[in-house]
1. For the chain, what is the charge dipole size about the Cα centre, in debye to the nearest 20, if Lys and Arg each add +1 at the Cβ and Asp and Glu each add -1 at the Cβ?
2. What value does the chain have for Rg/Rh, both radii from Cα atoms and Rh as Kirkwood defines it?
3. Suppose a student asked you for the relative contact order of the chain, using Cα pairs under 8 Å spaced at least 6 residues apart; what percent would you report?
4. Let me check I've understood the local charge: for Met121, count other residues with C-beta under 10 angstrom from its C-beta, Lys and Arg +1, Asp and Glu -1. What total comes out?
5. Over the stretch 3-75, what is the mean sequence separation of C-alpha contacts under 8 Å (at least six apart), divided by residue count, expressed as relative contact order in percent?
6. Pick out, in residue order, every one of the chymotrypsin sites (Phe, Trp or Tyr not before Pro) in the stretch 1-106 that is DSSP loop and has at most 15 other C-beta atoms within 10 Å; say none if there are none.
7. Nearest 10 degrees is fine. How inclined is helix 99-121 to the longest principal axis of the chain, computing both from alpha carbons?
8. Can you spot the lysines whose alpha carbon is less than 16 Å from Lys131's alpha carbon? Ignore those fewer than 8 places along the same chain.
Amino acid sequence: MNQEQDVSTRKVILTMLKTKGLLSVNEMAKQLGITEMAVRRHLNTLERDGLIDSKLVRQAMGRPTNLYFLTENAEELFPKKYHHLTLDLLEELVTLAGENKVEQLFEGRKERLISRYEDRMAGKSLDERVKELADIQNANGYMVELEETDNGDYVINEYNCPISQVANQYNHACSCELSMFKSLLGAEVERTECLAKGGSKCAYHIQKQ
């Protein structure tokens, strides 16, 4: 079996566990039409990647058996269009309370994020704060690349925006992110490119004082 077939089989296993719940090796082997040994090989890979886990369950007859299930990491592989719900709720808020209320919502989120991360910036140099911010954004799914310019300034490039669908409609989300960067870094920050405005990335130029 080649690598492409292996990947395809593992995707089928993940889908089976998503739709059918707890399954044993024997049950998966029967549904896939392959040997239990082959199933275990795929399960070992999925377990190593943190996508599945197992628990030992006692049977009415015979020895206990391992039943496999998806981890939270695996759940992220399946489509979840939360932004539709978010946009619907924000639209409803605009109808009920006006555009200003949505802006207040984003401002409140910004202040919460600053409070959450400001301790990680305390006592650090600007260089260290910039790297810390890049780590924070990476952990939040922004796919960050950090550059240092010829004159010693920094550029944070974000190639993914988890809230892009929301930011496309409510630009205040972008201005709040810029404001958060300035507050956490204690430096002058300029956004030079924006995904929500048709750019290939969000780019932030940070001036070294």
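Rule-based calculations on the coordinates, nothing more; no lab input. These numbers come from a predicted model, not from an experiment. Positions of Cβ are backbone-derived with ideal geometry, glycine not excepted, and every protein chain shown enters the neighbour counts.
1. Its charge dipole is roughly 1220 debye.
2. 1.12
3. 13
4. So the surrounding residues net to -1.
5. 33
6. Passing both the DSSP loop test and the Cβ count: no residue.
7. For 99-121 against the chain, the angle is about 80 degrees.
8. Partners within reach: Lys182, Lys208.
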